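Enquirer: Encoded as structure tokens, here's the structure I'll be asking about.
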Amino acid sequence: MKSFKSPGRHGYAVEISPFLASTIACASSQYYGIAGCGTLFVLEQREADVSLVKSFDWNDGLFDVTWSENNEHVLVTGGGDGSLQIWDTAHTQGLLQVLKGHTQEVYSVDWSQTRGENLVVSGSWDHTAKVWDPERCQLVNSLQGHEGVIYSTIWSPHIPACFASASGDGTLRVWDVKAGSCRLAVPAHKAEILSCDWCKYDQNILVTGAVDCSLRVWDLRNVRHPVAQMMGHSYAIRRVKFCPFYKTVLASCSYDFTVRFWDYSKNQPLLETLEHHSEFVCGLDFNLHIPNQVVDCSWDETVKVFTPSCLAAL
């Protein structure tokens with residue numbers, strides 16, 4: 001297991017570059033995100049360790065990060081001041097543009113994977129999701145409907161101009177950006193939902209992770225009951241990610257300091273539990289270039305890169 005230490009910065013999100021197998025971005029905050037500033041770390045994993053390439057500071061906490069899908073140097077972060085920051089790692093000062101529109105913390109940012117779409121979606125504590133054109137630096141649409149904080153906004157990898165959102169109001173919602181409306185609202189948990197993700201192999205399958213410690217898999221064609229429910233975490237689930245290599249495999253990280261791997265098609269879905277952090281685990285991503293490699297980040301001020309044995313055995 002390789003790791004990077006970020007003294008005084010608590011990790012909120014990690015994402016591996018869609019272009020470069022060894023390049024990792026981490027969004028972090030001082031003082032657990034309650035006060036102080038934030039730092040975007042650009043890291044490189046080498047054979048034996050993870051090293052710092054560049055770091056950029058922002059005057060408020062940074063809570064999420066997403067790489068551009070059409071420029072290997074560009075990233076977007078979401079900040080505690082309600083703004084989105086566009087960064088270019090090829091520039092010394094880093095900051096290209098600031099997008100303002102939200103009135104409270106931006107907790108989620110995601111760059112669309114649909115070819116030629118070039119849109120970023122953001123989710124905020126102001127209960128709105130906003131869609132941006134990062135090249136023109138313009139707001140495309142502002143979508144309302146959630147009755148609580150939005151914690152997660154993720155583009156569909158299959159359906160153009162469609163994203164899902166998860167909220168403190170207990171619902172999972174699917175949005176149509178062109179129509180500017182909510183296509184589906186699922187009362188997914190009787191608790192705050194902190195994360196959601198789309199299956200990479202089936203356009204109808206999503207997973208949610210909530211404060212009730214459960215993960216639920218949903219088929220959008222019939223949302224009366226979840227396809228699967230997975231219990232095992234002892235505190236809130238902070239982030240869920242579907243594996244890009246196996247249809248029914250996913251990962252979750254939690255405030256119980258663990259990262260867990262699951263196969264929802266199995267009677268005993270829990271594949272592995274990893275306890276390599278000493279604080280909340282907030283960020284999680286699979287490496288698209290290196291099968292079965294995972295990166296995470298925690299409030300214990302570390303980013304870790306590892307290959308869980310359960311995936312290597314599949």
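The values are calculated or read from the model by the stated rules, or taken from the named source; none is laboratory data. Source: prediction; values computed, not measured. When we count neighbours, we look across all protein chains shown, and the Cβ atoms used for this are built from the backbone with ideal geometry, even at glycine. SASA here: full protein model, heavy atoms, side chains in, ligands and nucleic acids out. Shrake-Rupley method; radii C 1.70, N 1.55, O 1.52, S 1.80 Å.
Enquirer: Scan segment 292-314 for residues that are on the phi < 0 side of the Ramachandran plot, open to solvent by 10 Å² or more (accessible area, probe 1.4 Å) and at pLDDT 95 or above and jot them down.
Expert: Across segment 292-314, the qualifying residues are Q293, W299, D300, T302, K304, F306, T307, S309, C310.
Enquirer: Among the residues of segment 206-243, what is the count of those that are open to solvent by 10 Å² or more (accessible area, probe 1.4 Å) and either polar (S, T, N, Q) or more than 18 Å from C253 (Cβ to Cβ) (or both)?
Expert: So the answer is 12.
Enquirer: While we're on this one: Within segment 117-138, work out how many residues are polar (S, T, N, Q) and buried (at least 24 other Cβ atoms within 10 Å of the Cβ). Walk me through how you get there before you give the answer.
Expert: Start the filter on segment 117-138 by keeping residues that are polar (S, T, N, Q), which leaves 118, 122, 124, 128, 138.
Narrowing the set further to residues that are buried (at least 24 other Cβ atoms within 10 Å of the Cβ) leaves 122, 124.
Within segment 117-138, residues that are polar (S, T, N, Q) and buried (at least 24 other Cβ atoms within 10 Å of the Cβ) number 2.
Enquirer: For segment 3-46, give me each residue that is open to solvent by 30 Å² or more (accessible area, probe 1.4 Å), closer than 15 Å to D300 by Cα and in a strand (DSSP E or B).
Expert: Scanning segment 3-46 gives S3, K5.
Enquirer: Here is a further query. Given the criterion open to solvent by 40 Å² or more (accessible area, probe 1.4 Å) and at pLDDT 95 or above, identify the matching residue among L250, L288.
Expert: L288
Enquirer: Let me ask something additional. Kindly indicate whether S108 is part of a strand (DSSP E or B), polar (S, T, N, Q), within 19 Å of the chain's Cα centre (by Cα) and within 25 Å of W58 (Cβ to Cβ).
Expert: yes
Enquirer: Those residues that are of a type in the set (A, V, I, L, M) and either on the phi > 0 side of the Ramachandran plot or surrounded by 19 or more Cβ atoms within 10 Å (Cβ to Cβ) (or both), I need them from segment 263-285; list them, please.
Expert: Correct list: L271, L274, V281, L284.
Enquirer: Looking at segment 18-76, which of its residues are of a type in the set (D, E) and under 26 Å from H289 (Cβ atoms)? Step through it out loud before you land on a result.
Expert: Start the filter on segment 18-76 by keeping residues that are of a type in the set (D, E), which leaves 44, 47, 49, 57, 60, 64, 69, 72.
Scanning segment 18-76 gives E44, E47, D49, D64, E69, E72.
Enquirer: If a residue counts only when it is under 14 Å from the mean Cα position of the chain (by Cα), which strands (runs of 3 or more DSSP E) contained entirely in segment 203-299 have at least 1 such residues?
Expert: Answer list for segment 203-299: 205-210, 237-242, 249-254, 281-286, 294-298.
Enquirer: Something else now. Given I154, I159, which one is open to solvent by less than 50 Å² (accessible area, probe 1.4 Å), in a loop (DSSP other than H, G, I, E, B) and not charged (D, E, K, R)?
Expert: Criteria check complete, one pass: I159.
Enquirer: Report yes if some residue within segment 63-77 is part of a strand (DSSP E or B), hydroxyl-bearing (S, T, Y) and either more than 16 Å from P134 (Cβ to Cβ) or in contact (Cβ under 8 Å) with a residue 60 or more places away in the chain (or both); otherwise report no.
Expert: Let us first name the residues in segment 63-77 that are part of a strand (DSSP E or B), namely 63-67, 74-77.
If we keep only those that are hydroxyl-bearing (S, T, Y) as well, we get 66, 77.
Now drop any that are not either more than 16 Å from P134 (Cβ to Cβ) or in contact (Cβ under 8 Å) with a residue 60 or more places away in the chain (or both), which leaves none.
No, segment 63-77 has no match at all.
Enquirer: Considering only segment 96-105, how many residues are touching a strand residue (DSSP E or B) at 6+ places or on another chain (Cβ under 6 Å), surrounded by fewer than 23 Cβ atoms within 10 Å (Cβ to Cβ) and part of a loop (DSSP other than H, G, I, E, B)?
Expert: Residues meeting the conditions: 2.
Enquirer: Which pairs do you get when a residue that is free of Cβ contacts under 8 Å to residues at least 40 places away in the same chain, found in segment 40-51, comes within reach of a residue that is assigned to a loop (DSSP other than H, G, I, E, B), reach meaning Cβ atoms under 7 angstrom, with the pair 6+ apart or on two chains?
Expert: Partner pairs satisfying both residue conditions: E44/S22.
Enquirer: Hey, does segment 170-186 have a residue that's among the acidic types (D, E), part of a strand (DSSP E or B) and open to solvent by 30 Å² or more (accessible area, probe 1.4 Å)? Break it down into steps so the answer makes sense when it comes.
Expert: Of the residues in segment 170-186, the ones among the acidic types (D, E) are 176.
Those still in the list that are part of a strand (DSSP E or B) too: 176.
Imposing the further condition that a residue be open to solvent by 30 Å² or more (accessible area, probe 1.4 Å) reduces the set to 176.
So far as segment 170-186 goes, yes, one or more of its residues are among the acidic types (D, E), part of a strand (DSSP E or B) and open to solvent by 30 Å² or more (accessible area, probe 1.4 Å).
Enquirer: Within segment 47-59, restricting attention to residues that are among the small types (G, A, S) and at pLDDT 95 or above, which residue is most open to solvent (accessible area, probe 1.4 Å)?
Expert: S55
Enquirer: Take the residues of segment 167-202 that are over 18 Å from the mean Cα position of the chain (by Cα) and among the charged types (D, E, K, R): which is farthest from S112 (Cα to Cα)?
Expert: Here the answer is K190.
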